[in-house]
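The values are calculated or read from the model by the stated rules, or taken from the named source; none is laboratory data. Computed from a predicted structure; not experimentally measured. FYI the Cβ positions are ideal-geometry reconstructions off the backbone, even for glycines, and counts take in every protein chain you see.
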Amino acid sequence: MTQVLAIMVLPLFLLAGIVAAAVLDRAVPPLVAGRSLKASFVGPITVASSRAMGQTGATEHPDTISWILAPILYFTLAAIGLSVVPFAPGVVAADLDAGIVLWGACESLTVVAVFLHGWSANSPLPLIGAYRYVAIGLPAMLLSMFVLIAAALPAQSLAVTDIVEAQRSVWNIVRQPAGFVLFLMLGLSLSLRGPFDFADPYDLAGGTTAEISGAARLTWWLARLAMLVSVSAMTATVFLGGYLGPVLPGFVWLVVKTGLVLVVLVGAGEVFARLPPDRMMNLIWLALLPLSFLMLVAVGVELLLWG
Amino acid sequence: MSLVSVLIVASALIGIGLYGALSQQSFVMLMMGLELMLNGGLLAVIGFWSFSLGGAPEGQLLAIIVMAVMAVDMAVGFALVTAVYRKRQADTTESLGTMKH
Amino acid sequence: MAIAILRRLAGAAPAPAFPAIGAGMRAAADDLFLDGRLIRADSIRHARILLVAGPVREADQDDIRRLHDQMLHPRATLWWKSNPVPDFAEPATCDEDDPVAAIEAIHRALIEGARDSEPDILPNEPPNPWRGKGDYGQGGEGMMGGTPYGRPMAMTDDDLRDGLALDAYTAPFGPFLPMLPPGLKLSVTLQGDVIQTAKLLRPPSAQAEAYDGTVTALRALGRFLPILGLEAHAVRCLEAARSLSAGKPIELAKIRQFLFWSGALAAIPSGIGMVEDTDVRMRVERWLAALDESPTGGLDGSATMSPLKPARLVDLLRGREWSEAILIVNSFDTDTLISLAPVEAEDAETEGRAREDGIRMDHEGHGTHAHGATGT
Amino acid sequence: MGLIDLTFLVLSAIAIVSGWRVFATDSMVRASFLLLLSFTAVGLIILMLAAPYIGIATIFMMAVEMMVMALFMVMFMMNPAGLNPMMMVHQNRFAIGAGIVAFLGLSAAVLTTDFPTDPVDPGRQVIRDLGLEMLGPSMLIFETAGVTLLAAMVGAVVLSARTGRFGPSDEGSRPPGLEVGGEPAGRRVEKASGHGHHHMHDSHVGDEDAQHAEGNPEADGHNADGGESGRRPSLRSDWSAGNRSMTSKTEATS
């Protein structure tokens, strides 16, 4: 019964999240640019309708099937990833024993979806974007797995519900603050944002989106926002105690925390500079990946001694 | 869904994989054949584990080993392809008539 | 009903325009897109309006036509202080300093159907004939031969980086790509995203931006920062430049502070684009230094304007990754870039050849001709 | 037929059909993602077989593997986009026969054997079991697998790096001479050997195996070098070039 409830809540959560993310996406850049703030619900909707009305682009001999399927796959992965997040005690759409492994599978398939999106356009700049994303996305995903395992250690379980319950005493963000930051970076990478936007950047004229327009671009845009919401909810659940919190009902806490992470991610996407891919790759492999090992060892030692 | 049906699917995957491994000229395609055979093997292992072993943990461990073998196969395979390509600009089996230089 | 609502909403959206910038109009175009009623399209595919700003060089005329045909329907072209290229039927022109109203009017008319979408100018023909040739009519023979779907098979080529000689890819880029200075057209041979060789096909068009210390630095930053993913900071810089040239005082310390925290300087690799002992990072540092000083002083103009004979842009780009190359190109002001980019006889010749050889992505179906939207 | 059986049938069909299409498509990227589809279907079947960790981990791992595979495909294979039809096979009939025999043989074995029935208890905590097994009784096996993976990683890096054991690997590694700057030790190899070429020249479209299996690949390579413009000759240098590079290397180090 609670599962049915969760399955019904999930699309609403995703939809509300997408709207919030779209509004933030329009509100935060002027804030950073020091211009007057014009947050509005109408802005994203008019842009969306403008896109919906346009023609969809076509290049010569693209891989049509993957071109159409890639944004849909991306969106679906966001929804599946969100399905392991418990909305309230016991209310979870997919209560799997291996919840974070399913999330990991979503992460790795996201890399595939973005690659396919760039590759199937059959055009140089999208293809470069696709390659770059694979080069950065794979190691970023790798380090997120270490971070997640460190989060699962105190719970002694791979199920996301158990990870939340294990945070009753202390949130995971206190246990591994660096892991939290690394997971936020993964969030930027999964939703192709700011410092980790190697697939659709300005220097590739929009990268994997360079050849698309109209409804295809609208879908891709929605999928990116959906992934942003999904990764925010996951961060809130794994590091900020999910639905745990005093006074207010659990669902409200989850919404508040997700919203907070959403704001941080959108802000970070605007504020921090993007490294060229080569430098970013060195940074991830040589600095961040060892850091995630260290966090894992630290959490393990802590649990061994005091757990 | 029974053990027999699962095993028949697994043997079909092994058969297709064997065809690929024997018939493909390109190294990378050949490796795909090997992967497909391992895939069938993995399915068979889990089938046995699920229907005949009563969920003994060793069965899952064997599956993990199969996955490790897949990873090793990929890593070493691609490294060899790269090494051979560097030296000979070759990426098909026929171009390796000899193992020397 | 639903369509009518959609149409109304779409009409209220900011107009997505793609600027094709000619001589002397770069700063004006940058300022134009600070207006919230417009969206600067990253790719011509995302645009509904092609905004041709300033005079179009003879050589660029064909590229404008191709660019136009790559735009998806409904589409329109506005010639802003520009001379319409022949073949455009009933061109809409605008000679005012502020064309936003004109663009908005055209956009709304397009959405509401009051204005017809412009038809193709060039025939929709692939650069390499292929139809009907080969075993399946795909234009190729065997696995490797011919030009399947109009594209010659890529062939292996030497690699600069790790010696693994894989397939190289040659294509022309420019002259209206948003991340390259307007007018610059390069023929680039890539392996992955590493540039093996670059050839200059056309130099950037002259901008005649008078040197003005802080304003110049701010404009340069405004064009450079989006490459690092700092679009909002770029807007801040461009806005400051506009206010400053209008004589309004602005707070420059804040810009510096924001840029410091963004890690922009740390993100730029050191040692790339080395000309006269300054690399890209040093040139950016020099812009930042100019923000500290008095609005018109600072930044010694002669330092960036000195004749740079020995260096050539194409040599600076060789062996660089695509994004590093874009950083290098954008770290020079237009005048320096022109002096770095002499068109050599052999390069000019290769333009013709590149047009035939270059691997092209032409459109099928709905009648747009044109080579990789992103290529032009 | 219940819902479970139906799902199983559909997933099996996807696994087998996409597994077959891997070897029948023209585009290499499509081939690797079809294989991924096959793996995903198998992963979901494993999930249905009450092994959630193994099933999802298969999907997870294969997504990464196939992504890398696709990159290698594009790197090393001609015609990555599948623009021209291609069929690069040898001993095709034999391979088909072997595949069918393997399938029939295994199926016959499956059908004629009487397997014990001891299904897994649905309430069993299989992931916990697996973890305790891996770090308990089977620790040694698990650790061995880990060390093997590490060795594979080191080996992969060594093999694929440009710096070979005796100088740059793309020049062909040669043993050092018996004296400084002298002739390399060991047996000399005839020049013609291994002159294969990345892009085989002639058409294999719809080739029957016989023609190709007996065709001389080295001759093909030479034709390709001579006959087509724009092809680069093999990087392989002969002994004298090797000596030169050896000499310069010893000079630099001494």
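Could you identify the single residue in C:Ala13, C:Ala53, C:Ala76 that is among the small types (Gly, Ala, Ser), buried (at least 17 other Cβ atoms within 10 Å of the Cβ), within 28 Å of C:Glu231 (Cα to Cα) and at pLDDT below 85?
It is C:Ala13.
Give all pairs with beta carbons closer than 9 Å in which a residue from region C:232-256 that is in the same structural domain as C:Ala290 (by TED's automatic domain parsing) meets a residue that is among the polar types (S, T, N, Q); count only pairs at least 6 apart in sequence or on separate chains.
Hits for this filter: C:His233/C:Ser262; C:Ala240/C:Thr214; C:Ala241/C:Thr214; C:Ala241/C:Thr216; C:Leu244/C:Thr214; C:Pro249/C:Ser243; C:Ile250/C:Ser243; C:Leu252/C:Thr214.
Mind checking whether some residue in region C:110-117 is crowded, with 21+ Cβ neighbours inside 10 Å, part of a loop (DSSP other than H, G, I, E, B) and at pLDDT 75 or above?
no
Would you point out the residue of region D:58-93, among those that are farther than 21 Å from B:Val69 by Cα and more than 7 Å from every other protein chain (Cβ to nearest Cβ), that is modelled with the highest pLDDT?
Across region D:58-93, the extreme among qualifying residues is D:Arg93.
Select from region A:280-307 the residues that are more than 27 Å from C:Pro269 (Cα to Cα) and buried (at least 18 other Cβ atoms within 10 Å of the Cβ) and list them in ascending order.
A:Met295, A:Leu296, A:Val299
Could you list, in sequence order, the residues of region B:9-26 that are more than 7 Å from chain D (Cβ to nearest Cβ) and either surrounded by 24 or more Cβ atoms within 10 Å (Cβ to Cβ) or among the basic types (Lys, Arg) (or both)?
Once the filter is applied, which keeps residues that are more than 7 Å from chain D (Cβ to nearest Cβ) and either surrounded by 24 or more Cβ atoms within 10 Å (Cβ to Cβ) or among the basic types (Lys, Arg) (or both), region B:9-26 yields B:Ala10, B:Gly17.
With the condition kept exactly as written, say whether any residue in region D:122-137 is within 7 Å of another protein chain (Cβ to nearest Cβ), surrounded by 13 or more Cβ atoms within 10 Å (Cβ to Cβ), within 24 Å of D:Gly55 (Cα to Cα) and out of contact with any helix residue (DSSP H, G or I) (no Cβ under 8 Å at 6 or more places or on another chain).
So far as region D:122-137 goes, yes, one or more of its residues are within 7 Å of another protein chain (Cβ to nearest Cβ), surrounded by 13 or more Cβ atoms within 10 Å (Cβ to Cβ), within 24 Å of D:Gly55 (Cα to Cα) and out of contact with any helix residue (DSSP H, G or I) (no Cβ under 8 Å at 6 or more places or on another chain).
Being under 19 Å from D:Phe60 (Cβ atoms), touching a residue at least 12 places away in the same chain (Cβ under 8 Å) and more than 7 Å from chain D (Cβ to nearest Cβ) is the requirement here; does A:Ile128 meet it?
No; evaluated as a whole, the condition is false for this residue.
Looking at D:Ala102, D:Ala151, D:Ala108, can you tell me which residue is within 8 Å of chain B (Cβ to nearest Cβ) and either modelled with pLDDT of 85 or more or outside any loop (DSSP other than H, G, I, E, B) (or both)?
D:Ala102
Just to be sure before I move on: is B:Ile64 of a type in the set (Val, Ile, Thr), more than 13 Å from the chain's Cα centre (by Cα) and in a helix (DSSP H, G or I) in the structure I sent?
When the stated conditions are applied, B:Ile64 passes them.
Residue pairs, Cβ under 8 Å, 6 or more apart or interchain, first in region B:46-58 and farther than 19 Å from D:Thr58 by Cα, second part of a helix (DSSP H, G or I) and of a type in the set (A, V, I, L, M, F, W, C). List them.
Pairs found: B:Phe51/B:Leu3; B:Phe51/B:Val6; B:Ser52/B:Leu3; B:Ala56/B:Trp49.
Look through C:Met25, C:Met71 and report the one residue that is at pLDDT 85 or above, of a type in the set (A, V, I, L, M) and over 27 Å from C:Arg242 (Cβ atoms).
Exactly one residue qualifies, and that residue is C:Met71.
Could you grab me the full set of residues in region C:198-228 that are under 27 Å from A:Pro276 (Cβ atoms) and in contact with a Ser or Thr (Cβ under 6 Å, 6 or more places away or on another chain)?
C:Lys199, C:Leu201, C:Pro204, C:Gln207
Give the number of residues within region C:60-96 that are out of contact with any Gly (no Cβ under 9 Å at 6 or more places or on another chain), small (Gly, Ala, Ser) and away from chain A (no Cβ under 14 Å).
Looking only at that region, the number is 2.
For A:Leu15, are the conditions met, namely being modelled with pLDDT of 80 or more, under 19 Å from A:Met234 (Cβ atoms), within 14 Å of chain C (Cβ to nearest Cβ) and assigned to a helix (DSSP H, G or I)?
Here the answer is no, as A:Leu15 does not meet what is asked.
Just name the residue that is nearest to the other protein chains (Cβ to nearest Cβ) out of those in region C:264-278 that are more than 9 Å from A:Leu275 (Cα to Cα) and surrounded by fewer than 20 Cβ atoms within 10 Å (Cβ to Cβ).
Among them, the one singled out is C:Leu265.
Mind listing just one residue for me: the one in region C:157-190 that is within 11 Å of chain A (Cβ to nearest Cβ) and farther than 17 Å from C:Leu316 by Cβ and, of those, farthest from the chain's Cα centre (by Cα)?
Checked region C:157-190; the qualifying residue farthest from the chain's Cα centre (by Cα) is C:Tyr169.
Quick check: is even one residue across region A:154-168 among the hydrophobic types (A, V, I, L, M, F, W, C), more than 14 Å from chain D (Cβ to nearest Cβ) and surrounded by fewer than 23 Cβ atoms within 10 Å (Cβ to Cβ)?
Yes, region A:154-168 contains at least one residue that is among the hydrophobic types (A, V, I, L, M, F, W, C), more than 14 Å from chain D (Cβ to nearest Cβ) and surrounded by fewer than 23 Cβ atoms within 10 Å (Cβ to Cβ).
Name the residue, out of A:Ala58, A:Ala78, A:Ala105, A:Ala98, that is away from chain C (no Cβ under 13 Å) and over 14 Å from the mean Cα position of the chain (by Cα).
A:Ala98
Would you be able to say whether some residue in region D:57-74 is surrounded by 18 or more Cβ atoms within 10 Å (Cβ to Cβ), under 19 Å from the mean Cα position of the chain (by Cα), farther than 30 Å from A:Val84 by Cα and in contact (Cβ under 8 Å) with a residue 24 or more places away in the chain?
Yes: one or more hits.
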